[in-house]
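Inspection log for the structure reproduced underneath, given as structure tokens.
The values are calculated or read from the model by the stated rules, or taken from the named source; none is laboratory data. In this text the structure is predicted, and so the values were computed from the model without any measurement. With ideal geometry, Cβ positions are generated from the backbone for all residues, glycine too; neighbour counts draw on all protein chains shown. Keep in mind that these areas ignore ligands, DNA and RNA; they rest on the heavy atoms of the full protein, side chains included. Shrake-Rupley method; radii C 1.70, N 1.55, O 1.52, S 1.80 Å.
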Amino acid sequence: MATNVLPLFRSPREFVLEITLQHAGGAQFVAQARQHRLLLDQPIEDGATDHGMSPAELLLASLGGCIGQYVAQYLQLRGLSTEGLRVRVNARPSSRPLRLKDFQIEVIVPGLNDRQLRALQKSFPVGLVQNAITLENTLRITAVSAHTEDVQP
């Protein structure tokens, strides 16, 4: 059984998540968190260059990644294989403008029997990303003006 698996959940007082996005022309932004960078863009059919995932696609990737990391840890702690583990996430546009609805997540775990699959399903967590989507939350957006030299890269 794997013993070197780190816990996926920390106390809310232990951290604040923050990323910075820098405009890179057109619809492109470069997101940076710690030492990691990711290019965001929009599809060609939306008038952009399609050089990166859209923000909505990244939302689905975050949801799937959160669940996938939990499932991988669950399997490792039980000595089960993670080989072939995949997570498929989709959502549909709502009839209300600029909203997604009906999120569907399918976890594909090759090699598990029916009993193991049922146990896994019973264990599905409520994590950071799931809570941000499903629970009442707050969102505050502000605009500030800064001189270019005042903005940190």
Hits in region 83-121 - residues which are over 19 Å from Leu58 (Cα atoms), in contact (Cβ under 8 Å) with a residue 24 or more places away in the chain and not in a helix (DSSP H, G or I): Glu83, Gly84, Leu85, Ile108, Val109, Pro110, Gly111, Leu112
Between Arg140, Arg118, which is farther than 27 Å from Gln73 by Cα, of a type in the set (Lys, Arg), open to solvent by 100 Å² or more (accessible area, probe 1.4 Å) and out of contact with any Pro (no Cβ under 8 Å at 6 or more places or on another chain)? Arg140
Note down all Cβ pairs under 9 Å where the first residue falls in region 40-68 and is touching a residue at least 60 places away in the same chain (Cβ under 8 Å), the second is of a type in the set (S, T, N, Q), and they're at least six residues apart or on different chains. Leu63/Gln130; Cys66/Gln130; Ile67/Gln130
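Residues are listed down the side, and each one gets a yes or a no for (1) open to solvent by less than 70 Å² (accessible area, probe 1.4 Å); (2) part of a helix (DSSP H, G or I); (3) over 26 Å from Arg92 (Cα atoms):
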| site | (1), (2), (3) |
| --- | --- |
| Gln22 | no, no, yes |
| Ala27 | yes, no, no |
| Leu39 | yes, no, no |
| Gln42 | yes, no, no |
| Glu45 | no, yes, no |
| Thr49 | yes, no, no |
| Ser62 | yes, yes, no |
